[in-house]
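Take a look at the structure set out below.
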Amino acid sequence: MKNRADLIIYWGGNPAECHPRHFTKYTIMQKGRYIPNGRKGRTMVLVDIRETPSAKAADVFLQVRPGKDFEVLTALRAVVKGQRVDAASVADTGLSLEQLTDLANRMKACRFGVLFFGMGLSMTRGKHMNSAAALTLAAELNAFTKFVAMPMRGHGNVTGADVIMRYTTAYPFGVNLSRGYPRFNPGEFSTIDLLVRGDNDATLVLGADPGATMPQPAIRHLANTPTIVLDPKVTHTSRLAKVHITTAATGITAPGTVYRMDEIPLPLRPPLTGPYPTDEEVMRRIREAVQRKEQVAA
Amino acid sequence: MLRIKGGKVYDPKNGVDGVVRDVCISGGKVVADVDGGRVIDGTGLIVFPGGVDVHTHVAGAALNFARGLIPEQHRNAHPIVRDHIRRAGIVGATPTTFATGYVYAGMGWTTVNEAAVPVLSAKHTHEELRDTPMVDKTCCVLMANNEMMLDLLEAGDHERARQVLAWHVWAAKAYGVKCVNPGGVEAWKFGKDAKQLHEPVPGYKTLTPADIVSGMARACDELRLPHAVHLHCNNLGAPGNVSTTLDTMKALEGHRAHLAHLQYHAYGGDDWATFRSESAKIAEAFNANTNLTCDAGAVLFGTTVTITADGPWQHLLYQLTGKKWGNLDVENETGCGVVPYVYKEKNIVNAVQWAVGLELMLLIDDPWRVSLTTDHPNGAPFWRYPEILHLLMNADFRKEQIARLPEKARSRIILDQLTREYTLGEIAILCSAGPARALGLEHKGHLGVGADADVAVYHAEQDITKMFSHPRYVIKGGEVVVEEGELRQSVEGHALAVKPSYDPQVEEFIRPLFQQYYTMSFENYPVTPDRVHGLQVNELSN
Amino acid sequence: MNLTVVKNATCTFCGCVCDDIELHADGTRITETKGACILGQSWFKNHTAEHLYPDALIDGKEATVDEAVDAAADILHAAHLPLVYGLSNTTCEAQREAVHLAEIVGGVIDSHTSL
């Protein structure tokens, strides 16, 4: 990307505010092996439902009507393939057919295109259908040029969780191990669904604060069933939990590894030594304590 | 201490071919004799050195990407239920890490070579290998599309290229060097390929794939790496690629090389309609070039997922199948593609591929130079190896299978003319002694005094598939891990790496280039030894 | 006071995971964050080496880590379907342990990805 991308599209993301160094460190501002002129050698397109500060950095800004991303992506795939698209049906998305045609032409004409899609695409109406459409669009563009697509992950090391769950359980998230082997069914075993339905009867929260962010019914279930929290601070969730354990802060007092959103692992170099044990140590001790109880029961 | 008493021992490296004798083990090694300890009655059983897989994809970013792409396959795959020995997992085409270890050991394989590791994500590969129990592990690091290397080879600065190569092998804590589609993966980053061995790679003035092949092979020889350059030739999978493969053998100029998954490189024809086997030509040239080893990369019919660092080929496959396609570029170093795939008996191209893998193993006359692989998971998942052994050992069984193929396919292959049947001694070479020698693992693949005590004990049966699928005993590092076909304990394997000799000053050459082209800090790039679980280093001298 | 300088430190606040940050620390807090963005700066400066929070709480009352670990194990062992959730702001080493724990207790493990 740094060395090759001459067309960079951000879709449903606001890197200027949410990933402040994404422009300078990885994408538009960098000079690369095949992009010697840096910013001048690249075109940046921003697609979003509102004009965020990221729009200032863009050469082209396309404002999509909320909830119409899937329609735009589908129409764009058709335009890319040269199929006839009805201008009136496009108008409903907030964009014109001319704008879509212009974008399609830029996509086909570039040497190396990148589509970053943010939570404005993957977490709004359509959800994984939107992500799938974005990935398919990028795959199809390879009939014309080199094109890749990549999600912009928001939270710290959520990528690491995804990677580790895939290699230990074959699935990336929402894995049910109650039968002793991994099962996967998004919508059934996902956290919100479990909590709102009240399916689980205890929760261990690690590296998150759902008490501050989740819908009320989910929070009520966390409060009504025993919850355990591991966190460097006493959080909203800690206050409704049965057990809170203070742990070392990742990369500040705790060493270890984290994954970048492109699945490259990086070592942590904590500058401080703190008074609290690491998440790893506490998790291991809880696991060992459970195993001892299991043995006693057996 | 352990004695396997009175088994029929096949230990080709030490010239033992089906002789009834005891194998004694102490301290994780094979010893001349033991006094006391456990005795396993080997009467009527067949004793092999533990299997060695010279080319497989069991860990790393690409395989893990593939795992994420096929949840629908996992649902139908064999689950591993957690118990007091085993961690939970899923088998299928891309087994989870713990499952990988259990399943390999469960059929008597005790050493695996992960054949494609980018330096940039080597830390990740080692993390996965840490959670892959039961087997010892080696890695080959991907270097033939590394831009720093290619620039040096184009400039003719061979001395520095060798130094840079050595630095990267150690940085990745690798065991060997892998070259994938030399020049072609680099070209793919702009959507192109390098199909002509003697034409410059796109983006370079003079550097050709042939230059990369010879330059890398020479550097590996000069560094005295125990394993020769591990070469995935250009034009994988393409009709008529036989000429590229033969040219590649010449381009090596006598240097050692291991030709990976040779099956995918032995095709004739001008297009898919005229696609045919050219295994006879390949085997003839291979037999004459004693600097070479290879592995089969055999194909079996059924569902799998294909995954390789050969991005351009994968895109072609996606266009052919219209199925899912995932592509992953690794900046400055390599890339990979992933496509779920079903090999069909009634598909002429697939039928030819199936035959070519078997033909090569039957036509290559020296079993020491060809190893059993399926390029797991590309040709078939590794746990189907016993089916291939059955086909190699029983010509009548083979004939039955050939009869099922479409007539058009039968006219494009020569498998029906081959009557050779592998003996048990030759199978021990194909699966263990040969790959151990190809990898340069002196303590593996044999049962002589001082060898690592990795042993597989089988019960002789008519049904060869069944026999090799369910060993009676498996011993890993002196521990009995499989007994009566059941997993009895889980043991950790070692990570085997080499440290080639190089001038530490080369780092000052690499650092500024790295800082210019990469998006990560140079200091965070190498894998530090403390991050590699069970690391055993072989320090090489020049 | 001991000044520690750590080069090529890694910021874990957002998914970029920048690893080229120079941190200066005085033993208690981080005093300088060269190369970090605004979000990274506040992340680094928002944590210290001080003992600001109790080691552990059970039902809101202070407890030792040993007691809390045992209480947590009791809860998880007794539960029919426990959930292990979050896994964002933590290390891979802890995530690896989290999968193992979820397996031992026969629960569901999930991250922010499912939201």
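In chain B, excluding the sites themselves, the longest stretch lacking any of the GluC sites (Glu not before Pro) that are in a DSSP loop with at most 13 other Cβ atoms within 10 Å is B:1-252. A Förster radius of 41 Å, combined with the Cβ-Cβ distance separating B:Asn14 from A:Gln295, puts the computed FRET efficiency at roughly 0.35.
Pairs over the 19 Å Cα-Cα cut-off, from the set B:Lys123/B:Lys476; A:Lys108/A:Lys146; B:Lys250/B:Lys499; B:Lys173/B:Lys499; A:Lys56/A:Lys108: B:Lys123/B:Lys476; B:Lys250/B:Lys499; A:Lys56/A:Lys108. On a per residue basis, the convex hull of the C-alpha atoms belonging to chain A measures out at 165 Å³. Calculated from the alpha-carbon coordinates, chain B shows an Rg and a Dmax of 22.1, 69 Å respectively. Rounded to the nearest 5, the antiparallel percentage of DSSP beta bridges internal to chain B is 55%.
Excluding ligands, DNA and RNA, the accessible surface per residue across chain C is 38 Å² with a 1.4 Å probe. Charges were assigned to the Cβ only: +1 to each Lys and Arg, -1 to each Asp and Glu. The resulting dipole of the protein assembly as shown about its Cα centre is roughly 1740 debye. Available extension along the chain between A:Asn37 and A:Ala109 is 24.1 nm, counting 0.36 nm per residue and deducting the alpha carbon span. Annotation: per residue accessible area for chain B equals 32 Å², rounded to a whole number [probe 1.4 Å, protein chains only].
The magnitude of the dipole of segment B:187-304, with charges of +1 and -1 set on the Cβ of Lys/Arg and Asp/Glu and taken from the Cα centre, is near 220 debye. The H on the amide N of B:Gly7, modeled in the peptide plane, is under 5 Å from the matching H of B:Arg21, B:Val23, B:Gly42, each at least 5 residues off or on a different chain. Under 5 Å between amide hydrogens, built in the peptide plane, is the criterion, and for B:Tyr341 it picks out B:Thr304, B:Val305, B:Thr306 among residues at least 5 positions away or on other chains.
How many percent of the accessible area of the protein assembly as shown is carbon or sulfur, using a 1.4 Å probe? Accessible surface attributable to carbon and sulfur in the protein assembly as shown totals 50 percent. Label reach from B:Asn287 (point 7 Å along Cα→C-beta): in segment B:377-418, amide nitrogens under 17 Å belong to B:414-418. When the surface is traced with a 1.4 Å probe over the full set of protein chains, C:Cys37 keeps roughly 30 Å² accessible. Pull up the cross-link candidates among the aspartates and glutamates for B:Lys5, meaning alpha carbon to alpha carbon under 14 Å and not fewer than 8 places away within one chain. Within the straight-line cut-off, B:Lys5 pairs with B:Asp22, B:Asp33, B:Asp35, B:Asp41. If both residues of a DSSP beta bridge must be in the protein assembly as shown, then about 45% of such bridges are antiparallel. Counted without the sites themselves, the longest stretch of chain A free of GluC sites (Glu not before Pro) in a DSSP loop having at most 16 other beta carbon atoms within 10 Å is A:52-187. Computed over the alpha-carbon pairs of segment A:158-297, the distance histogram in 5 Å steps reads 2, 9, 14, 18, 21, 20, 11, 4, 0 percent, short to long. With charges set only on the Cβ (+1 for Lys and Arg, -1 for Asp and Glu), what does the dipole of segment C:56-114 come to about its Cα centre, in debye to the nearest 20? Result for segment C:56-114 is approximately 240 debye, rounded to the nearest 20.
Given a 10 angstrom Cα cut-off, can you work out which residue in A:Val85, A:Val47, A:Val229 is the most mobile in a GNM of chain A? It is A:Val85. Placing B:Arg531, B:Arg224 in order of accessible area, with the largest value first and a 1.4 Å probe, yields B:Arg224, B:Arg531.
In sequence order, segment B:38-50 has phi-based couplings of 6, 10, 9, 6, x, 4, x, 9, 10, 10, 10, x, x Hz under the Karplus curve 6.51 cos²θ - 1.76 cosθ + 1.60, θ = phi - 60°, and Gly or Pro positions carry x.
Annotation: extensible slack from A:Lys81 through A:His236 equals 50.8 nm (criterion: 0.36 nm per residue apart, minus Cα-Cα distance). The mean accessible area for residues of chain A, using a 1.4 Å probe and ignoring ligands and nucleic acids, is 37 Å² per residue. Between the amide H of C:Gly107 and those of A:Leu177, distances stay under 5 Å, these residues lying 5 or more places away or on another chain, with hydrogens modeled in the peptide plane. Both chains summed, the buried accessible area for B and A stands near 3900 Å², from protein heavy atoms and a 1.4 Å probe. The alpha carbons of segment B:139-288 occupy a box of 45, 34, 24 Å along the principal axes, longest dimension given first. Going by accessible surface with a 1.4 Å probe and the largest first, A:Arg197, A:Arg292, B:Arg256, B:Arg87 read A:Arg292, A:Arg197, B:Arg256, B:Arg87.
Here r is the Cβ-Cβ distance between B:Glu484 and B:Lys346 and R0 is 56 Å; the resulting FRET efficiency, rounded to 0.05, is 0.90. Note on B:Arg511 and C:Ser42: with the Förster distance fixed at 25 Å, the Cβ-Cβ geometry gives a FRET efficiency of about 0.20. Students often forget the sequence filter, so: which aspartates and glutamates lie under 16 Å Cα-Cα from B:Lys13 once same-chain residues fewer than 8 apart are removed? In chain and number order, the partners are B:Asp366, B:Glu426, B:Glu442, B:Asp452, B:Asp454. Relative to its Kirkwood radius, the Cα radius of gyration of chain C gives an Rg/Rh of 1.06. Projected label points at B:Gln196 and B:Gln462, each 7 Å from Cα along the beta carbon direction, are separated by 5.9 nanometres.
Looking only at segment A:62-95, which residues have a backbone nitrogen under 16 Å from a spot 7 Å from the Cα of A:Ala143 in the C-beta direction? Only A:74-85 pass the distance filter. Distance distribution note for the protein assembly as shown: the fraction of Cα pairs above 43 angstrom is 35%. What the phi angles of segment C:86-91 give under the Karplus curve with 6.51, -1.76 and 1.60, with θ = phi - 60°, is a coupling list of x, 6, 8, 8, 7, 8 Hz, glycine and proline written as x.
The values are calculated or read from the model by the stated rules, or taken from the named source; none is laboratory data. All of these numbers come straight from a predicted model, not from anything done at the bench. No Cβ is skipped: glycine too gets one built from the backbone with ideal geometry, and neighbour counts run over all protein chains shown. Areas reflect the complete protein model, heavy atoms only, side chains present, ligands, DNA and RNA absent. Shrake-Rupley method; radii C 1.70, N 1.55, O 1.52, S 1.80 Å.
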